[in-house]
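A short reminder: the numbers here are calculations on the coordinates, not readings from a lab. If you're wondering where the values come from, they're calculated on a predicted model, not measured in any experiment. Reconstructed Cβ throughout: ideal geometry from the backbone, glycine too, with neighbour counts over all protein chains shown.
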Amino acid sequence: MMVAGATGVSRGAVHKLLNVLVPGSLQLNHLWQEMTGVRVLADELVDEVECFHIIGTVENSEDCEVWLEKDRYIVRRLKETTVITEEMSARMSLEQQSKGRIETMTKALRDAGLRDEEIAQTLALSATVASKPMTYCHVYNYTTITVDQPIDEALFTS
């Protein structure tokens with residue numbers, strides 16, 4: 001729970017650092033910090049704050065853009081584009097119904113307190129949900145950022 005309270009502005013940096021300290025503790029699909037083919041575009045204002053505008057590739061060509069404050073290097077905006085191809089869609093549908101995934105989902109649902117009939121309904125619905133080929137674009141804007149302020153202890157208790 002402590003990590004969950006600290007991950008917002010970092011967009012993965014906290015997860016990456018946690019994996020350095022405790023290897024294998026978290027699995028992430030993409031990390032914007034691992035971009036390749038990075039280019040710096042013209043500076044831009046984000047919420048009246050001057051920012052570097054950086055574009056690069058995480059998985060597909062130029063699929064990630066980051067706006068960093070010029071003075072403090074804090075992420076102000078992040079844009080990620082994900083392309084689901086026909087091949088990926090077919091693979092995801094197969095993975096959705098794999099024995100290991102069903103066992104993991106069943107355990108998680110049981111641990112969450114669901115009854116067997118609710119678990120069966122959830123698994124049946126999950127089997128019908130297929131990822132269709134498409135392009136997703138996610139934009140994260142960080143408009144209220146507090147730096148060097150005390151953190152409420154309540155964030156670190158469950």
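In the stretch 88-158, which trypsin sites (Lys or Arg not before Pro) fall in coil by DSSP and have 13 or fewer other Cβ atoms within 10 Å? Mind dumping the intermediate values first?
Numbers: sites: R91, K99, R101, K107, R110, R115; in loops: R115.
When the trypsin sites (Lys or Arg not before Pro) of the stretch 88-158 are filtered for loop state and at most 13 Cβ neighbours within 10 Å, R115 remain.
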From fewest to most C-beta neighbours within 10 Å, the residues H138, H53 line up as H138, H53
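What is the ratio of the Cα radius of gyration of the stretch 86-132 to 2.2 N^0.38 Å, with N the residue count, to two decimals? Could the numbers behind the result be given before it?
On the way: Rg = 11.6 Å, N = 47, 2.2 N^0.38 = 9.5 Å.
Compared with the compact-globule rule of thumb, the stretch 86-132 sits at 1.22.
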Neighbourhood net charge (10 Å Cβ-Cβ; Lys/Arg +1, Asp/Glu -1) for C51:
-3
Test of understanding: ordering F156, F52 by Cβ neighbours within 10 Å, fewest first, what list do you get?
F156, F52
